[in-house]
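I have placed the structure first, in the form of structure tokens, so that the comments after it can refer back to it.
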Amino acid sequence: MLHLPILRYGKPYRSVDVSTAVHYRTRQPFVEISQANVGLIRRDLLQQHEAAAILQGFTTRELIAMAGKASGYFLNDDLPQSPQEFVESVSATTGLPWVMVRRNMDKIAGVLASMETVLMGLTRLPDLDMLDTGRGEMDGRALSFFPRGDSMGVILPSNSPGVHSLWAPAIALKTPLFLKPGSSEPWTPYRIIQAYVKAGVPAEVFGYYPTSHAGGAEVLRGTGRGMLFGDVAAAKAWGGDPRIEIHGPGYSKIILADDGAASWEKYLDLMVDSVANNSGRSCVNCSSIWTTGDARELAQALAERLAKIKPTSEDDPHAAVAPLANPDVAKRISAMVDSELDGDAVDLCAKVRGSERVAVYEGCTYLLPSVIHVSSKEHSMANREFGYPHVSVVQVEPSDLPHCLGPTLVCTALTNDTKLHQRLLANPHIGRLNLGAISTMKISWDQPHEGNLFDHLYSRRAFQAVPELVG
Amino acid sequence: MSTATQPDLFARVNANKERLDAHVREIVQWHFNPETGCPFWLNWSQEAGWDPRTAVNCYEDLEKFGNFSDDELRGGPVSRWIPKGLAQRPAYVFETGGSTGLPKSRVQMDDFRIDYENFSETLPDESFPKGSDWLMLGPSGPRRLRLAVEHLAQHRGGIAFSVDLDPRWVIKLIKRGQLQEAELYKQHCINQALTILRSHEVKCMFTTPKLLEALCEKINLEKAGIKGVFCGGTEMTPQFHRFAVEELLGPNVYFAPTYGNTLMGLATHRAPEPEDNWAIIYYPPCPRAMLEVVDFDDATKIVGYGETGRVRLTTLTKETFIPRFLERDECEREAPCDQYPWDGVRNVRPFSRFQKSVVEGVY
């Protein structure tokens with residue numbers, strides 16, 4: 001059986017304690033993963049300042065160049081898995097069809113390849129050399145930055161590899177990484193590390209610690225800055241710690257108002273993509289659509305489109321829905337959805353399809369799309385997220401927007417109403433605002449996403465110096 | 001590794017079984033004799049309507065008692081547990097950790113001394129030198145461990161230094177989500193230990209796994225003069241075992257993992273073999289206490305060697321008789337070996353089927 005070791009400052013360590021991730025189709029153990037005990041993590045973190053010092057020895061430009069090389073290695077090289085072996089491994093333990101894994105690979109490689117653009121977007125600095133000197137000038141004003149910690153600990157999810165693009169720039173920001181991979185998606189962070197190392201980044205700046213929840217907590221507790229991907233409960237547990245950037249459910253949305261609501265048909269492709277791309281697993285997938293027009297008519301049309309999505313084989317280049325690695329989870333999620341349906345919340349997609357939401361194909365269990373027409377914005381199903389192609393369609397009064405939306409990672413607003421634009425721009429609960437026909441799935445990497453990694457890792461200080469000291 | 005298939009070991013296993021059966025008869029006679037038994041068991045016998053003195057002739061006959069309910073050990077009066085035959089002896093009352101609700105109590109006179117004197121025989125003198133002083137970095141308060149380790153040190157000719165450590169406070173902090181406070185309390189305990197280690201010549205110590213990790217973050221125990229560490233109190237995984245030996249202590253400090261509690265006493269570890277892959281294998285202090293591994297769904301059925309089940313404890317001393325008590329732990333059943341010709345337990349860990357999780361803090 002394949003084995004993934006712990007990486008302790010880059011050095012492989014095979015633990016006595018192991019966990020196994022099973023193949024989603026056969027349910028047989030597919031990979032054995034070394035598990036780090038809590039004390040081992042604590043002990044290793046005592047040396048994190050040494051890793052930070054190693055990265056400080058590089059210039060930002062050197063690290064950007066290495067990220068560029070890493071991009072190619074990640075996409076094309078044996079690390080030691082071949083790209084195809086990697087695709088099949090991710091698919092085996094997460095259920096994602098190969099085409100979706102490849103799409104996520106492209107996304108990660110894209111971020112690595114365009115690291116300079118990413119950093120320019122995150123820092124908004126005119127010259128990235130300022131990250132090396134710690135000071136500089138912008139428009140004649142002195143600027144100075146300092147790292148807020150020696151390292152960043154990241155608790156990673158298993159749902160989709162694309163999220164790894166969020167922490168990958170930390171290396172170019174001279175921040176060592178201590179990663180706790182998701183239990184069924186250990187592959188991508190491991191491969192990114194291997195790609196970086198092959199590109200010249202010292203292995204000593206990477207920690208890779210598959211571990212328990214307690215071990216994960218130790219990673220977050222013991223590192224200067226942290227990033228957590230998790231469910232509502234996990235997000236709540238760490239919500240009060242300003243050192244930790246929380247990536248919980250996205251509750252991403254599309255709103256249609258006035259002219260947008262009236263011409264909804266032309267946005268149907270955009271809505272389908274926002275809901276169903278990546279099998280609905282991403283936090284940027286749209287989970288609810290809010291319209292001032294006829295919600296029922298829109299929901300019916302969307303249901304007819306999404307009902308066409310059917311399970312196919314893992315190597316189908318047009319695969320549009322992924323099986324769940326654990327069939328019981330699929331049944332539990334579907335039961336949860338059903339328990340909240342009533343006369344005011346109806347799954348139109350199930351009606352159009354004429355079959356159950358839970359489907360079995362070639363021995364694998366799928367959650368097929370649901371389009372819930374919800375008649376009231378107060379209904380419990382109006383604003384939910386389930387990790388499969390699920391969307392609620394809700395009719396609202398123009399005056400309800402945007403305060404009825406609540407926390408929203410991505411909001412695509414389909415309207416020319418400039419007053420509504422202003423209200424959306426002023427809304428503090430929207431993380432990313434798309435004005436116009438832009439899929440919620442489309443991410444521009446020169447923009448901060450769910451928090452600004454640079455602001456998370458660096459802080460600005462006041463700075464003054466006599467000219468002879470700074471030249 | 002020796003196994004029960006070897007003829008000489010078979011003979012020793014059989015001889016031990018005879019010794020155990022004789023011990024069972026002696027203990028049952030004592031506890032159910034109206035002149036020497038304790039009020040609890042004498043009343044129990046009356047209510048049950050049978051006399052164990054005539055019905056129990058061997059260890060297996062203890063099955064007739066059914067499983068002992070730990071609720072019987074909660075609350076007072078604790079004098080119900082004092083055997084009449086020992087009524088004139090000064091008594092101590094010790095409590096279990098208190099991780100879950102009302103703590104269980106055990107009244108003792110000399111058992112903790114006897115158990116730890118027996119345990120002392122298993123410690124190598126070169127790593128726990130006679131006459132050396134000890135550090136007891138573990139729970140204080142109403143726990144047996146505190147006095148027992150002190151007695152161990154005294155028995156071996158040394159003095160034990162100890163710290164203030166209230167594990168129940170830590171558990172409260174963790175349950176409230178005040179993890180930072182719990183961490184600070186742990187550091188408070190570690191600082192007490194560091195003060196002792198830096199100001200006295202201490203060569204041996206007892207501590208728990210978490211406290212050992214925390215202490216080794218601050219000090220190199222070998223350089224501090226420590227030669228042997230006796231560790232217990234909470235779960236130890238094989239990975240922790242390896243980590244402790246390879247990284248926390250190094251090759252020159254002896255690591256003695258133990259499994260024990262207030263009700264049993266102390267199960268000692270068998271010297272590790274390479275093929276064990278760092279598994280921790282314990283043997284109970286037969287015949288004073290026995291450990292068995294029983295089926296999760298049928299506690300009367302002992303599982304096969306190497307199979308997993310729930311730990312079942314039987315305590316058999318003149319001070320305490322507790323037959324068939326189901327512990328909050330599970331493990332694999334281990335075969336007898338040369339050093340211990342009776343059943344052992346491998347890789348003890350919290351019982352996975354319990355819905356209510358046990359909070360283990362610094363202790």
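Throughout, read-outs are computed from the coordinates displayed, never taken from laboratory work. These numbers come from a predicted model, not from an experiment. Backbone-built Cβ (ideal geometry, glycine too); neighbour counts: all protein chains shown.
Points to keep in mind about this one:
- For the stretch B:110-262, the spread of Cα positions along each principal axis, largest first, Å: 43, 35, 33
- Among beta bridges from DSSP that stay inside chain A, the antiparallel ones total about 40%.
- With the gyration tensor restricted to C-alpha atoms of the stretch B:120-192, the semi-axes of the equivalent ellipsoid amount to 30, 12, 10 Å, longest first.
- Kirkwood hydrodynamic radius of the protein assembly as shown, from inverse mean 1/r over distinct Cα pairs, in Å: 30.6
- Couplings for the stretch B:216-233, taken from phi via the Karplus curve 6.51 cos²θ - 1.76 cosθ + 1.60 with θ = phi - 60°, read 6, 6, 9, 8, 8, 5, 5, 5, 7, x, 6, 10, x, 10, 9, 10, x, x Hz in order; Gly and Pro are left as x.
- Share, in percent, of DSSP beta bridges within the stretch A:252-435 that are antiparallel, nearest 5: 30
- Residues whose amide H lies under 5 Å from that of B:C337, counting only those 5 or more places away or on a different chain, are B:W342; hydrogens are built 1.01 Å from N in the peptide plane.
- Close amide H contacts of A:G10 (hydrogens built in the peptide plane, cut-off under 5 Å, sequence separation of 5 or more or a different chain): A:F206, A:Y208.
- Equivalent-ellipsoid semi-axes for chain A (Cα gyration tensor, √(5λ), whole Å, largest first): 38, 29, 18.
- The percentage of C-alpha pairs in the stretch A:269-422 whose separation is greater than 21 Å is 43%.
- With Cα atoms, 0 to 90° folded angle of helix B:179-199 axis to chain B main axis: 80
- For the stretch A:364-373, Karplus couplings with θ = phi - 60° (6.51, -1.76, 1.60), whole Hz, Gly/Pro x: 10, 9, 10, 10, 7, x, 10, 10, 9, 7
- The HN-Hα couplings worked out from phi for the stretch A:429-436 by the Karplus form 6.51 cos²θ - 1.76 cosθ + 1.60 (θ = phi - 60°) are 9, 9, x, 9, 10, 10, 9, x Hz, whole numbers, x standing for Gly and Pro.
- Tilt relative to chain B, helix B:111-120 - C-alpha long axis, 0 to 90 degrees, to 10: 60
- Among beta bridges that DSSP assigns inside the protein assembly as shown, antiparallel share in %, nearest 5: 50
- When +1 charges are put on Lys and Arg Cβ atoms and -1 charges on Asp and Glu Cβ atoms, the dipole computed for chain B relative to its Cα centre reaches about 1040 debye.
- Considering helices alone, the calculated mean residue ellipticity of chain B at 222 nm is -9000 deg cm²/dmol, with DSSP H runs of length four and up weighted by -39500 (n - 2.57) and normalised per residue.
- With K and R counted +1 and D and E -1, the other residues having a Cβ less than 9 Å from that of A:N416 yield a net charge of -3.
- Over 32 Å [Cα-Cα, the stretch A:2-248], rounded percent: 18
- For A:L2, the residues 5 or more places off, or on other chains, whose built amide H falls under 5 Å of its own are A:E32.
- The convex hull around the C-alpha trace of chain B, projected and averaged over every direction, spans 18.2 square nanometres.
- Computed from label points 7 Å out along Cα-Cβ, the spacing between A:E362 and B:S140 is 6.6 nm.
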